[in-house]
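The values are calculated or read from the model by the stated rules, or taken from the named source; none is laboratory data. Everything quoted here is computed from the prediction, not taken from an experiment. In this analysis, Cβ positions are derived from the backbone assuming ideal geometry, glycine residues included, and neighbour counts consider all displayed protein chains.
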Amino acid sequence: MPEIEQLPDGVFLGLEEKIYFGQKGRLGSTDLAKLHTRGVGWWWSSEYNPDFVPEAEDAKSRTFGKALHALILEGEEALNSRFSLIPSKDEMRAKHGDLFCVTVGDIEKALESRGMNPKKMRKDEIIAYARSRAPDLQVWDTVEAGWAKANVGKLGITAAERRQLEVMERSIRGHHEMGALFETTPDNVPISEVSILWTDEHGLKRRARLDALLPKYTIDLKTLTNVGQRPLQFAAGEHVAKWAYHCQMADHHDARRRAYRMILAGQVSGGTVAERKWLSLFPEHAVNWAYAWLLYQRPDAKAGQAPIVLPWAEDYGSQLHMDGIRARRRAIDLYRRSVAQFGLDKPWTRIEPVHSTAEGSVHRVFLPSWIAEEAIIGEDDEL
């Protein structure tokens, strides 16, 4: 695999995701949120841990998030250019009936019904035999291989996920208050997926990627799973707090300010002529801006939970923004101390001082109340 080019500080439009995340040694906004919530545990789920393997479910969730960004922020053309519907066994079975085969047994049964005797064949042999002798059969392995060949470079989403995306888009576009969030440039140029690379006052190489950069808002799309079907206002608040999105918001605000200076200095790469023209004017038009999360509650058919969009706008300088600034500062301080102590090539850990259950102890361990009830010494008990 060719080495990914390491880019200088600047504002980058249309930067491929693999190039953005391939910038070595740059600390991202998401990293700061994880440092705030996980502490030294950040290293263990980072690219620097050779034993860390992301969960497959995480990759699936990220794919849906990318598709959501493409549709909402860039439009259907962008979605179709980067994503394709994955074939579904259920839909194939409904469409083709007995002509659809998944297992070797299915193929054998279909061929035998036509007077053929395909016994004692390996899987690849019987698939090739069926393709030549019964081309109307729809063999699942062949369908999957055909999809992969026809969609090189694209990510796959299911038909159910596509329907969810369309429901969300209709909800957002039809929302009576959300039009302002998507107010674009005077020339109607959407500025989305903006990558900002900079070096901070501590000499740290930094990066941030904004979902949408608009005159009045920085927009961040998030999905949440509302376990227990709590009121969305409470679920949304817990979701933002759990994942430290306020820390990420504060970092995005800082990235946006730094982007202004780099735009004025001409440090802009990529993008269309119209996008670059707008960015040259952007700093003077972007005043009194805020941060907006678009939180999407994913539907759950089994639980009877509907898809709901909750727009959440925070003014610059709000209490949550200030809390985010403090969380961001602590995360950066932790990162700098840990790098100084361990580097990035060695595991991060922490040794706590000696703790005790004694009242008044500076470092105290707190036991659950039930342990005292179990440990009551009776009248005849002796120590």
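Take D300 and decide whether it is at pLDDT 90 or above, acidic (D, E) and surrounded by fewer than 18 Cβ atoms within 10 Å (Cβ to Cβ). Judged against the criteria, D300 is not a match. Pairs linking a residue in the range 29-53 that is of a type in the set (V, I, T) to a residue that is in a loop (DSSP other than H, G, I, E, B), with Cβ atoms under 6 Å and 6 or more positions apart or on different chains, are T37/A244; V40/W348; V40/R350. When the range 186-244 is filtered for residues that are closer than 17 Å to Q267 by Cα, among the polar types (S, T, N, Q) and in contact with a Leu (Cβ under 9 Å, 6 or more places away or on another chain), only S195 remains. Scanning the range 186-205 for residues that are surrounded by fewer than 19 Cβ atoms within 10 Å (Cβ to Cβ) and assigned to a strand (DSSP E or B) yields T199, K205.
Selection within the range 127-152: residues that are assigned to a helix (DSSP H, G or I) and of a type in the set (A, V, I, L, M). The member of this set that is surrounded by the most Cβ atoms within 10 Å (Cβ to Cβ) is A130. Within the range 89-126, being under 18 Å from G146 (Cβ atoms), of a type in the set (A, V, I, L, M, F, W, C) and assigned to a helix (DSSP H, G or I) holds for M92, L99, I107, I126. For the range 303-317, the set of residues classified as surrounded by 17 or more Cβ atoms within 10 Å (Cβ to Cβ) and among the acidic types (D, E) consists of E314 only.
Would you confirm, using the coordinates I've provided, whether E314 is in contact (Cβ under 8 Å) with a residue 40 or more places away in the chain, among the charged types (D, E, K, R), in a strand (DSSP E or B) and assigned by TED's automatic domain parsing to the domain that holds Y217? Yes. When T103 is tested against (1) surrounded by 13 or more Cβ atoms within 10 Å (Cβ to Cβ); (2) at pLDDT 85 or above; (3) polar (S, T, N, Q), exactly one condition is not met: (1). Exactly one residue among A241, A235, A208 is out of contact with any Lys or Arg (no Cβ under 7 Å at 6 or more places or on another chain) and either surrounded by 22 or more Cβ atoms within 10 Å (Cβ to Cβ) or not assigned by TED's automatic domain parsing to the domain that holds Y291 (or both), and that residue is A208. Reported count of residues in the range 1-20, each being under 16 Å from G271 (Cβ atoms) and in a loop (DSSP other than H, G, I, E, B), is 4.
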